[in-house]
């Protein structure tokens, strides 16, 4: 088996193992796993409304996945997508509500504000990593909680003591009557096109520009890059900033498309953490992220159908998702297993 | 409230908030000192909080007043078993330890909520009847000023937590096991050449961290909330992680950091009701973010130098250099 095939097989086997263990859990809890997975399937593809909502769910997942994947390529682990998403969401909603402009100016500015807010939130760990060698994992985790509390405090301030911001102006909205009508009045919005455009942007930066080459080079070997005359520090900061911008846009999906406002958050949205799963499954490539986001976005939305249709708590899907991450992370053992299998075949 | 009355309220509450953080942070010290990054503390704490409440509800008629204490042991046991997953992934399967930790966090909350819905048919458990009791220490509580601050309405678990910090210090710095633990975290290959079983020590360290985080979670749910739902732990595990780093991977440092973070949490919830002018003027959000900002500053070297164990987060592969 070539390396390429093994690299493709690891995520596939992980998904199968995850679903299998999920089925075993359902069986031992006294539920019917077949019914459960049929309910999940129908929740994703059952009718055009479900499909619309599933695609809507996939949009922020793509962007969160891009954010994690982009930083990964420079050798950085951005676990702070959650916080960057939250500040992006707030910035989008604030700019979307505070100004009155024609749509052609308003919507881009609003998206830009979200990206900028996320970028600033990524800038802090970037600078600390580049200049003081502080590990970005811990800093981004801490920045998540700072974002959570700061955003909640800001919501309270701008709304005059309430727990919810004003609705955004229609000129800043990503909502689309066309897409909505097409899918039986789901909340599907233009965000999916923004997300797909960003996939192309990431591909372009990484594969077609000098900056992208440097970013990847730093990810492979910092010392060699330094020796070749690249500015390692600049690249680390840049990578975190771009990663944060993607995450901020993921927040804009929620703010400008799905909700149109922001409510005080009791905890994290989970999209940022799932973004880690998306990137991991997609092997940190732009195209892979689309697949990863489609899988996890579908699972997350389809799960909502499980309590009604099969009477199974929807947390079962979170168990499955966590297991898939666990198995992908343990890819080493799957590789070893595949190699053993291969050797046996050759011996015969 | 007068200034002294404020202190009589704030200090016991701070210590109460600190106890779960101390247990969990010291668990983190064990794991990371052995070279295994444990982001999964949050998920392990969730597991502990969940098991603590469920055990308490199920056995309160059997054990009576002892229930919350035995529930702590049950939580320790289950969380320790749960943490084996992290150990297997990061030690034997050479997984990225941060990713494995993230998976543990997601899995912990998912399993706990799934089980709650299975058992109770709703999103949170019933309230427990037997919380961990507050005690007044005889004689000592009559000492003026210090008595009401430290020895009145005190949780027994807080005393345990502070004692644990010193026990952990002794174990890590004064016993053969501790020396092995530290050497495995600093230079596993050197430890291996000296005949230390790196994998075994790391397994032990991660399982200890799981057990301690489980106790921490069960203390939190049995003192603070009294039931278990999706928001019960909500970041306490990450705050414990912060305490561990702020305490520079040292048990006594973690103790100090946890006490300070407990203090910040107490101020965040009660700042509005404290009748001291300058505290009331500070918005609560500053107290909420204080632990996290301080941790970033500590890492950046503004508050002394914090050095992580050298081999932290690096899987040990025998024979490779």
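The values are calculated or read from the model by the stated rules, or taken from the named source; none is laboratory data. Just so you know, these numbers come straight off a predicted model, no measurement behind them. Virtual Cβ from ideal backbone geometry, glycine too; neighbours counted across all protein chains shown.
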Practice task
Go through (1) in contact (Cβ under 8 Å) with a residue 40 or more places away in the chain; (2) closer than 20 Å to residue B:30 by Cα; (3) within 14 Å of chain A (Cβ to nearest Cβ) and name the single condition residue B:113 misses.
Solution key: (2)
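Going through B:165, B:191 one at a time, which residue ends up being in a helix (DSSP H, G or I) and farther than 30 Å from residue B:50 by Cα?
B:191
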Practice task
Take the range B:1-50 and flag every residue that is farther than 26 Å from residue B:73 by Cβ and assigned to a loop (DSSP other than H, G, I, E, B).
Solution key: B:1, B:2, B:35, B:37
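Out of A:247, A:252, A:303, A:293, which single residue is under 19 Å from the mean Cα position of the chain (by Cα), within 14 Å of another protein chain (Cβ to nearest Cβ), on the phi < 0 side of the Ramachandran plot and modelled with pLDDT of 90 or more?
Answer to the selection: A:303.
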Exercise for the section: Answer yes if at least one residue in the range B:257-271 is in contact with a strand residue (DSSP E or B) (Cβ under 7 Å, 6 or more places away or on another chain), touching a residue at least 24 places away in the same chain (Cβ under 8 Å) and on the phi < 0 side of the Ramachandran plot, and no otherwise. Expected result: no
Exercise for the section: For the range B:116-132, name all the residues that are at the interface with chain A (Cβ under 9 Å from one of its Cβ atoms) and under 24 Å from the mean Cα position of the chain (by Cα). Expected result: B:116
Problem - Flag for residue B:212 being modelled with pLDDT of 85 or more and touching a helix residue (DSSP H, G or I) at 6+ places or on another chain (Cβ under 7 Å) - result: yes
Handout entry: Condition check for residue B:92: within 29 Å of residue B:160 (Cβ to Cβ), at the interface with chain A (Cβ under 9 Å from one of its Cβ atoms) and surrounded by fewer than 22 Cβ atoms within 10 Å (Cβ to Cβ)
Key = no
Handout entry: Only listed residue being free of Cβ contacts under 8 Å to residues at least 12 places away in the same chain and out of contact with any strand residue (DSSP E or B) (no Cβ under 9 Å at 6 or more places or on another chain), chosen from A:148, A:123, A:128
Key = A:128
Problem - Tally, over the range A:259-273, of residues that are facing chain B (nearest Cβ under 9 Å) and either in contact with a strand residue (DSSP E or B) (Cβ under 8 Å, 6 or more places away or on another chain) or buried (at least 22 other Cβ atoms within 10 Å of the Cβ) (or both) - result: 1
Handout entry: Flag if residue B:40 is buried (at least 24 other Cβ atoms within 10 Å of the Cβ) and within 14 Å of chain A (Cβ to nearest Cβ)
Key = yes
Exercise for the section: Go through the residues of the range B:53-62 one by one and say whether even a single one is part of a loop (DSSP other than H, G, I, E, B), away from chain A (no Cβ under 11 Å) and surrounded by fewer than 24 Cβ atoms within 10 Å (Cβ to Cβ). Expected result: no
Practice task
For residues that are closer than 24 Å to residue A:52 by Cβ and not in a loop (DSSP other than H, G, I, E, B), tally how many sit in the range A:248-285.
Solution key: 19
Fill in the blank from the handout: Filtering the range B:98-138 down to residues that are farther than 22 Å from residue B:230 by Cβ and modelled with pLDDT of 90 or more yields B:100
Handout entry: Filter result for the condition that a residue is away from chain A (no Cβ under 14 Å) and either in contact with a strand residue (DSSP E or B) (Cβ under 8 Å, 6 or more places away or on another chain) or farther than 29 Å from residue B:124 by Cβ (or both), over B:252, B:215, B:245
Key = B:252
Practice task
Report yes if some residue within the range B:137-152 is crowded, with 21+ Cβ neighbours inside 10 Å and touching a residue at least 60 places away in the same chain (Cβ under 8 Å); otherwise report no.
Solution key: no
Problem - Residue within the range B:275-283 that is out of contact with any strand residue (DSSP E or B) (no Cβ under 9 Å at 6 or more places or on another chain), under 22 Å from residue B:163 (Cβ atoms), in a helix (DSSP H, G or I) and at pLDDT below 90 present - result: no
